[in-house]
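Below: one structure, written as C-alpha cells.
The values are calculated or read from the model by the stated rules, or taken from the named source; none is laboratory data. Model, not experiment: these values are computed from the prediction. Using ideal geometry, Cβ is built from the backbone for each residue, glycine included, and neighbour counts are taken over all protein chains shown. Only protein heavy atoms, including side chains, enter the accessible area calculation; ligands, DNA and RNA are left aside. Shrake-Rupley method; radii C 1.70, N 1.55, O 1.52, S 1.80 Å.
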Amino acid sequence: MLSKTNCFGLKGIEGFPVVVEVNVANGLYAFELVGLADTAVKESIERVRASIKNSLMDFPLKRITVNLAPADKRKEGPLFDLPIALGILGAYNQISVEPLKDFVIMGELSLSGEIRKVNGVLPILISAKKLGYKKFIIPFENRYEASFISGIEVYPVNKLLQAVNFLNGAEIIKPVEPTNFLKLKNEYLTYIYDFKNIKGQASAKRALEIAAAGGHNMLMIGPPGSGKTLLAKSFPSILPDMTFEEALEVTKIHSVAGELDNEKGIILERPIRSPHHSATLPSLTGGGTKSKPGEISLAHNGVLFLDEMPEYERRTLESLRQPLEDGVITVARATQTATYPASFTLIASMNPCPCGYYGSSKHTCSCSPSQIHKYLSKLSGPLMDRIDLHVEVDGITYDDIKNNDEEECSADIRKRVNSARKIQLERFKNHKNYCNSKMSSAITKKFCVLDDSSEKLLKSAFETLSLSARAYDRILKVARTIADLEEKAEISAEHIAEAIQYRSLDQKYWI
C-alpha cells in the first residue's frame with residue numbers, strides 16, 4: 001500500500017515542500033530510501049524501525065520503499081524521521097491515511113520512540129504558511145518558536161505513539177497558543193554593561209549613539225586601556241528595540257544554525273557576535289558541508305564586534321566587504337548554494353600601532369614607521385571606506401576617574417535612539433529598509449537633500465579629503481541620522497560638519 005506525508009526541507013533559511021512517499025509491498029524484507037538524501041536522512045532507517053517497535057507497534061517485515069520528492073533537491077537533517085515513520089504506519093494500515101494529507105510533519109526520533117527537537121522549524125513554518133499549509137505536527141521542544149506564527153495550527157508531540165493516537169482520533173492535543181512578543185521582551189531583556197559606568201569618552205559615546213540610531217559601522221582607534229572594549233560591550237544597552245519583523249528574521253537564522261533558546265523560542269534582543277581574531281573564513285562567512293550561516297549572518301540586524309581588528313587574517317577581513325555593501329552573503333559549496341541575510345552593524349576596535357601608543361598624549365611610541373605602516377596596512381582602503389565613523393579614543397585622566405559627576409545612563413541614550421529609529425521606520429515604511437545606513441543611492445538622494453551652505457561644506461570636504469563616491473553617500477547617511485536624533489526634518493550644515501569629522505582619521509593614520 002502507498003501513503004504520503006508532507007514535510008519540508010531547508011535551503012538556507014527558506015523551506016521547500018517535500019512529499020514523503022512510502023510504499024509497503026510483499027516480498028523479502030528490505031528498506032530502501034531514495035530522493036537525494038544525506039547521511040543523517042539515510043540513517044533514519046534504523047531510528048524509525050527501532051522507534052516503531054519500542055512504541056509497541058508492528059513494523060512491517062516487507063519490502064519498504066521511501067521516496068523523498070522532489071528527487072532532484074538535496075534533503076538534510078533528521079527532521080524526516082517522524083514523517084517517514086508515520087508514512088510506514090499509514091501504508092501498513094496502523095493509522096488512517098486521510099489525516100496525514102492535512103498536516104506538515106517534522107521531527108527526529110529516538111530509538112525509544114521519543115521525538116527530539118529539530119533545527120529550522122520557524123523558517124519552515126513561515127515558508128509553509130506562504131504556500132497555504134495550515135496544520136503542523138512538530139516536536140514538543142520546538143513549540144515556543146512556533147507560537148509566534150499566527151494563522152496556523154501547530155500540534156506539539158513528544159512521542160511517536162502520541163502522534164499516532166492523535167492522527168487516529170484517540171488522543172486530543174491542544175494547538176500551540178500564541179505568545180505576546182512585547183510582553184516576553186519586557187520580561188527577559190536585561191543588560192550587564194551601562195554607559196553610566198564609563199567615565200569620560202564623550203566623543204566616543206556620541207559616535208556610538210549615532211551608530212546605534214542609524215545602524216552605522218564604526219571603528220575605534222586608541223591605545224591599550226583607553227576603554228574601547230568596554231564601550232563596545234556597553235553598545236548593546238543603547239541599541240534600538242527590535243521590531244517583531246526584525247526579530248523573526250534573526251530567529252530564522254539562529255533556528256537554522258541550532259542556536260535558538262528553547263525557553264524563549266525567539267531572539268528578543270539584537271544579536272551581538274564577537275568572534276576571536278583566530279576565527280577562520282568559513283566560520284565568519286558561513287559554509288561547511290551543509291552551508292550553515294556564519295558569524296556575520298548570526299549578527300543580522302545586530303552587531304558584529306571585531307576587537308583588535310588588524311589581528312584578523314587579511315582575507316577574513318576582506319570577506320566583509322561584500323556583505324557590508326549588500327546586506328546578504330551567498331555561501332557556495334559543492335553540494336549546495338545558500339544565501340543568508342547579513343545586514344549587521346560593524347563595531348571594530350584597534351590600536352594605532354603594534355605597541356599601541358602611536359599618537360598617544362601619555363606614552364611614547366616605540367614602533368618604527370615601517371612597523372606602523374605594516375600594521376595599519378592590514379586594513380585595506382576599500383574596507384575602511386565602508387566604515388562610516390572613525391573615532392579616536394584616547395586614555396582618560398586621573399581626574400576623569402575620580403570625578404563623581406554622574407554619567408548619562410544607557411536608558412536615556414536609548415530613548416533618543418528609539419525616537420530616531422521610529423522616524424526612520426516611518427520614513428522607510430514603503431521600502432524594505434529599517435535604518436539610514438541601509439539606504440540605496442536613490443533613496444539617499446530622495447531623503448538627504450542639502451541646502452546651499454551644506455552643499456558647499458560637503459563639496460569642500462570631498463575635494464580636501466579626496467573622498468570616494470561611497471564616502472560621500474555615507475557622510476549623507478550619517479548626517480541624516482544626526483538630524484533624526486535632533487528630530488530635525490532637514491539636514492543642516494552642522495549635521496554635515498559633524499558627519500565629516502568622523503571621516504578624518506584615515507587621513508591621519510593611513511596616508
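Quick notes on this structure:
- Filtered residues of the range 176-189 (kept if open to solvent by less than 60 Å² (accessible area, probe 1.4 Å) and either in contact with a strand residue (DSSP E or B) (Cβ under 9 Å, 6 or more places away or on another chain) or among the polar types (S, T, N, Q) (or both)): V176, T179
- For the range 69-83, a residue qualifies if it is outside any strand (DSSP E or B) and either surrounded by fewer than 24 Cβ atoms within 10 Å (Cβ to Cβ) or not hydrophobic (A, V, I, L, M, F, W, C) (or both), and the qualifying residues are P70, A71, D72, K73, R74, E76, G77, P78, D81, P83.
- Among the candidates G132, G107, G87, residue that is at positive phi and in contact with a Lys or Arg (Cβ under 8 Å, 6 or more places away or on another chain): G107
- Which listed residue, of I192, I149, I198, I115, is more than 23 Å from A85 (Cβ to Cβ), in contact with an Asp or Glu (Cβ under 9 Å, 6 or more places away or on another chain) and either open to solvent by 70 Å² or more (accessible area, probe 1.4 Å) or of a type in the set (A, V, I, L, M, F, W, C) (or both): I198
- When the range 283-292 is filtered for residues that are in contact with a strand residue (DSSP E or B) (Cβ under 7 Å, 6 or more places away or on another chain) and more than 15 Å from Q322 (Cβ to Cβ), the ones remaining, listed by number, are S291, K292.
- If the condition is being touching a residue at least 40 places away in the same chain (Cβ under 8 Å), farther than 27 Å from L131 by Cα and open to solvent by 30 Å² or more (accessible area, probe 1.4 Å), then the range 12-44 contributes only A25.
- Restricted to the range 352-449, the set of helices (runs of 4 or more DSSP H) holding at least 3 residues that are basic (K, R) and open to solvent by 50 Å² or more (accessible area, probe 1.4 Å) comprises 410-427.
- I95 among the aliphatic types (A, V, I, L, M), open to solvent by less than 20 Å² (accessible area, probe 1.4 Å) and out of contact with any Phe, Trp or Tyr (no Cβ under 7 Å at 6 or more places or on another chain): yes
- Taking the range 296-307 as the range and being open to solvent by less than 40 Å² (accessible area, probe 1.4 Å) and either outside any loop (DSSP other than H, G, I, E, B) or over 24 Å from M242 (Cα atoms) (or both) as the test, the residues that pass are I296, S297, L298, V303, L304, F305, L306.
Table: residues versus (1) of a type outside the set (A, V, I, L, M, F, W, C); (2) in a loop (DSSP other than H, G, I, E, B); (3) touching a Lys or Arg at 6+ places or on another chain (Cβ under 6 Å); (4) surrounded by 18 or more Cβ atoms within 10 Å (Cβ to Cβ).
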| residue | (1), (2), (3), (4) |
| --- | --- |
| T316 | yes, no, no, yes |
| Q322 | yes, no, no, no |
| I329 | no, no, no, yes |
| A348 | no, no, no, yes |
